[in-house]
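*Asks:* Before anything else, here's the structure in question.
The values are calculated or read from the model by the stated rules, or taken from the named source; none is laboratory data. For clarity, every value in this text was computed on a predicted model and none was experimentally measured. Positions of Cβ are backbone-derived with ideal geometry, glycine not excepted, and every protein chain shown enters the neighbour counts. Each accessible area value is taken on the protein alone, full model and side chains, heavy atoms only, with ligands, DNA and RNA left out. Shrake-Rupley method; radii C 1.70, N 1.55, O 1.52, S 1.80 Å.
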Amino acid sequence: MATSGARVRGVAAEVVEAVAAKGQSLDAAIERNEDRVSPEDRALLRMLCYGTLRNFWQLQYWIRQLVERPLKKKDSVINALLAVGLYQIHDMRVPDHAAVSETVEAVRFLRRPKLSGFVNACLRRFQRENIAMTPCDDEEGRWNHPQWLIDSTKSDWPDDWESILRANDARAPMWLRANVSINSAREYREKLAAAGIAADGLDGVPDALRLDEPCGVDALPGFADGAASVQDAAAQIAARWLLSGQQGAILDACAAPGGKTGHLLEVGGNDISLTAVESDSTRIESIRQNLERLGRTATIIAADASKPSDWWDGRPFDGILLDAPCSATGVIRRHPDIRLLRRETDIDRLANEQLGMLESLWPLLVAGGRLLYATCSIIKQENTGVVSAFLAKHAD
């Protein structure tokens, strides 16, 4: 029977392989597998999976220096295990001997015992020859991104591309949104301090607080009663921009998981009535759960927002938030698997879909109303490209 250390590394390798070779999302792959390790090891499992995928191209470059012949496709999980092992040695505070021995033991857990010597040799050579210090002559390995995304970022952000790519390799901080209907960010920060949790605000985003160290939501004072929510600071910009000087009927298109939905209701209060539309029926429940915790209500509709004839009652909206489906290239820090799951060929399709949604929702807006178009993409084709194409066709 495998030790717990070997088991958690083996399961981590299977999760990484599910993302890299099978196209599964990281969160879904972890959720499907985390009950295979002990509760005490689940934090380590997440750390191994997220860290390995955050450094995927660098790790693959090192593996190519260590392996004379690529592993067979049926042994791709061993490639993933090697990446997990190298990540531990280079980036984690795991004693090298433990990282090597437990990773080698994980080969047996993965039912590839004949490859245990191979994995052992690779990891020990990595240590012995200090492979990590050798100059990287591969742009993907050096910048830790697929080539198409490196090229796109260079083209769209010629003055900032290097800092953007480096930022994507950092761990995302934990941000909170103070519920303004219960407490201001300053007041909630005081509640956090009383609970021994340090946090800082952010100029220009009045409800946002960044924790010095992440923690579980159970440790957050008043979380269960809606005093605060977990939401990135950038995502908190949308509600206040849309509602600045606006009230009345508001549409939240593509609303799941409901973070912006809740924020709109907190900021708008009794001055707005909110309709939330979401096409993924399996994600509707997340909206309901968010609103229930906040003590808020909205009209929630399971439908495709781009097809108003299926769900719209003909009464125009005073404000519309279109949080459009996108490449998510602006949240790679939070979701490192995006670099593996997204393809260059996706961008044209997404831009066309986004433009189509703008075209469909524009007629639902009252004269003098406001429509806010938002993505979490850094690719200009999905942002200024879409908006420019829309404005060129709509003089109004």
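*Asks:* If the requirement is being exposed (fewer than 14 other Cβ atoms within 10 Å of the Cβ), basic (K, R) and within 30 Å of L48 (Cα to Cα), which of these qualifies: R171, R186, R177, R210? Let's see the steps before the verdict.
*Replies:* On the way: R186 fails: within 30 Å of L48 (Cα to Cα); R177 fails: exposed (fewer than 14 other Cβ atoms within 10 Å of the Cβ); R210 fails: exposed (fewer than 14 other Cβ atoms within 10 Å of the Cβ).
Criteria check complete, one pass: R171.
*Asks:* Which one of the conditions (1) modelled with pLDDT under 95; (2) crowded, with 22+ Cβ neighbours inside 10 Å; (3) within 24 Å of N183 (Cβ to Cβ); (4) not basic (K, R) does A256 fail to meet, given that it meets all the rest?
*Replies:* Result: A256 passes all but (3).
*Asks:* Moving on. For region 330-354, which residues satisfy the criterion of being open to solvent by less than 30 Å² (accessible area, probe 1.4 Å) and either farther than 15 Å from S388 by Cα or touching a strand residue (DSSP E or B) at 6+ places or on another chain (Cβ under 7 Å) (or both)? Quick ask: steps written out before the conclusion?
*Replies:* First, pick out the residues of region 330-354 that are open to solvent by less than 30 Å² (accessible area, probe 1.4 Å): 332, 336-340, 346-347, 350-351, 354.
Listed by number, the residues that qualify are I332, P336, D337, I338, R339, L340, D346, I347, L350.
*Asks:* Just one of D27, D91 is surrounded by fewer than 19 Cβ atoms within 10 Å (Cβ to Cβ) and either of a type in the set (S, T, Y) or more than 29 Å from T134 (Cα to Cα) (or both); which is it? Write out each step before concluding.
*Replies:* Working: D91 fails: either of a type in the set (S, T, Y) or more than 29 Å from T134 (Cα to Cα) (or both).
None of the others qualify; the one that does is D27.
*Asks:* Taking into account only those residues within region 273-295 that are without any contact (Cβ under 8 Å) to a residue 40 or more places away in the chain and either within 16 Å of I250 (Cβ to Cβ) or open to solvent by less than 20 Å² (accessible area, probe 1.4 Å) (or both), which is farthest from the chain's Cα centre (by Cα)? Steps first, please.
*Replies:* Filtering region 273-295 down to residues without any contact (Cβ under 8 Å) to a residue 40 or more places away in the chain leaves 273-274, 276-289, 291-292.
When the remaining residues are screened for being either within 16 Å of I250 (Cβ to Cβ) or open to solvent by less than 20 Å² (accessible area, probe 1.4 Å) (or both), the result is 273-274, 276-278, 284, 287, 291.
Numbers: S273: 29, L274: 26, A276: 22, V277: 21, E278: 19, I284: 19, I287: 18, L291: 21 Å.
Per the stated criteria, the residue is S273.
*Asks:* Now a separate question. Hey, could you check region 96-118 for residues that are open to solvent by less than 70 Å² (accessible area, probe 1.4 Å) and part of a loop (DSSP other than H, G, I, E, B) and say which is nearest to A13 (Cα to Cα)?
*Replies:* L110
*Asks:* Can you run down the residue pairs with Cβ atoms below 9 Å, 6 or more apart or on separate chains, where the first is in region 227-240 and under 22 Å from I320 (Cβ atoms) and outside any loop (DSSP other than H, G, I, E, B) and the partner is at pLDDT below 95 and hydroxyl-bearing (S, T, Y)?
*Replies:* From region 227-240, no pairs qualify.
*Asks:* Does R186 meet the test of being in contact (Cβ under 8 Å) with a residue 60 or more places away in the chain and in contact with a strand residue (DSSP E or B) (Cβ under 9 Å, 6 or more places away or on another chain)? Spell out the reasoning first.
*Replies:* Numbers: in contact (Cβ under 8 Å) with a residue 60 or more places away in the chain: no; in contact with a strand residue (DSSP E or B) (Cβ under 9 Å, 6 or more places away or on another chain): yes.
Taking the combined requirement at face value, the residue does not satisfy it.
Condition check ((1) closer than 20 Å to I150 by Cβ; (2) buried (at least 16 other Cβ atoms within 10 Å of the Cβ)) across all residues:
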{"residue": "F317", "(1), (2)": "no, yes"}
{"residue": "A328", "(1), (2)": "yes, yes"}
{"residue": "G356", "(1), (2)": "no, no"}
{"residue": "L364", "(1), (2)": "no, yes"}
{"residue": "A367", "(1), (2)": "no, no"}
{"residue": "S388", "(1), (2)": "no, no"}
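*Asks:* List pairs: first residue in region 190-207 and under 24 Å from I237 (Cβ atoms), second residue open to solvent by 60 Å² or more (accessible area, probe 1.4 Å) and outside any loop (DSSP other than H, G, I, E, B) anywhere in the structure, Cβ distance under 6 angstrom, at least six positions apart or on different chains.
*Replies:* Cβ pairs passing all conditions: A199/R189; D200/R210.
*Asks:* To continue, here is another question. Would a scan of region 124-137 turn up a residue that is in contact with a Lys or Arg (Cβ under 7 Å, 6 or more places away or on another chain), under 22 Å from V67 (Cβ atoms) and open to solvent by 20 Å² or more (accessible area, probe 1.4 Å)?
*Replies:* yes
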